[in-house]
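Engineer: Handing you this structure, nothing more for now.
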Amino acid sequence: MAFEDWMNPSDDAIQLDSCRAFDWVVVQTSSSVYDLIVLPGDAGEVLVRGGRFLPEFRSARVVGSTDGGTLLKVKSICVGFRMELNVNGECLLTSRIQAISDHGPASALASVISDRLA
């Protein structure tokens, strides 16, 4: 990916700042699927489940997308890059992102969300 493409978001990227509270985002990586529920605020806080380490929803912060080196797109989820999450102070780095879909409000997951926020 060219530097210009990296700096300009496309249809293959989601900037968490542009999401509404409780939007449901699904991230497909080369080895797992992650469900993210965007929480209110601008700190990149989400509820996340997926992969072998997160079988149930957990509170986390999306740090951003990385190329695996020093490049980090803060609070963004970008196809072709790896998503970096902070879960309880631990860094979780996914395999490369292959697809992202925004499912809008997470009404289907409302009971899970309210249980986790209580």
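Engineer: What list of ³J(HN,Hα) couplings, whole Hz, do you get for the range 92-103 from phi and the Karplus terms 6.51, -1.76, 1.60, once you set θ to phi - 60° and write x for glycine and proline?
Structural biologist: 10, 10, 7, 6, 4, 6, 9, 7, 9, 9, 9, 8
Engineer: Moving on. Report the charge-dipole magnitude of the range 21-117 in Debye, nearest 20, computed about the Cα centre from +1 at each Lys and Arg Cβ and -1 at each Asp and Glu Cβ.
Structural biologist: Here the size comes out at about 220 debye.
Just so you know, all these numbers are worked out from the coordinates, no wet-lab data involved. Just so you know, these numbers come straight off a predicted model, no measurement behind them. Ideal geometry is used to build each Cβ from the backbone, glycine not excepted, and the neighbour counts take in all protein chains shown.
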